[in-house]
Amino acid sequence: IGLQNYFKANPDKFIDRLSKGPPAEYRWLAWRFMADLICSKKKGHYEDCLRALNPTSKALHDIDKDINRTFPNHPYFNIENKGNFGQETLRNVLGAYSVNDKQVGYC
C-alpha cells in the first residue's frame, strides 16, 4: 500500500519493522522515507548548521584532512570524474553534523 500510507496507518508497527531491518531490496526506500520524514520536520536546519559552521573550526580542519582519503576509488568522490562535487558535499554534511551534535562533533 506504499510506505507513506502504511506509516500513517501503522506508525508503531512500521518503526518496529524498520528497526529489525527491512528486506535488502526495500532498505534504501525505507531509509529514504524516514530521512525525508525527519527532514520535513526540520526544514532549513541543515542550511542553518552550514551557516553556523566556523571555517576555522577544529572539526572542519579534521574533515579537510580526511576528505581526500574517503572512498578514493568511488566515482562519486573521484576528483577526476566529478570535479570536487562529491567531496564538497560530504564535507558539508560532516561539517553540518559537527555543528548539530556538538557532543559528538567530528571524530
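The values are calculated or read from the model by the stated rules, or taken from the named source; none is laboratory data. Not measured: the values here are computed from a predicted model. Neighbour counts run over all protein chains shown; Cβ positions are idealised from the backbone, glycine included. Heavy atoms of the whole protein, side chains included, go into the accessibility calculation; ligands, DNA and RNA do not. Shrake-Rupley method; radii C 1.70, N 1.55, O 1.52, S 1.80 Å.
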Of the labelled options (i) 9.0; (ii) 7.6; (iii) 6.8, which one gives mean projected area of the Cα convex hull in nm² as computed for this structure?
(i)
How much length would be gained if the chain were fully extended between TYR76 and ASP36, taking 0.36 nm per residue of separation minus their Cα-Cα distance, in nm to one decimal?
12.2 nm
Which trypsin sites (Lys or Arg not before Pro) does the stretch 5-107 hold that lie in a coil by DSSP with at most 15 other beta carbons within 10 Å?
LYS42, LYS43, ARG69, LYS102
Given Cβ point charges of +1 (Lys, Arg) and -1 (Asp, Glu) and nothing else, what value in debye, to the nearest 20, does the dipole of the chain about its Cα centre take?
280 debye
Past the 25 Å Cα-Cα mark, which pairs from LYS42/LYS65; LYS20/LYS43; LYS13/LYS102; LYS41/LYS102; LYS42/LYS102; LYS8/LYS43?
LYS42/LYS65; LYS20/LYS43; LYS13/LYS102
Around LEU50: net Lys/Arg minus Asp/Glu count, Cβ-Cβ under 13 Å
-1
For the chain, with a Gaussian network of springs between Cα atoms less than 10 Å apart, report the residue from GLY44, GLY95, GLY21 with the top mean-square fluctuation.
GLY21
Where SER98, SER40 fall by accessible area, highest first, once all protein chains stay in place (1.4 Å):
SER40, SER98
Would you tally the net charge around TYR6, using a Cβ to Cβ cut-off of less than 10 Å, leaving TYR6 out, and scoring K and R as +1, D and E as -1?
+3
Filter the chymotrypsin sites (Phe, Trp or Tyr not before Pro) in the stretch 16-87 to those in DSSP coil with at most 16 other Cβ atoms within 10 Å of their Cβ, and list the result.
TYR76
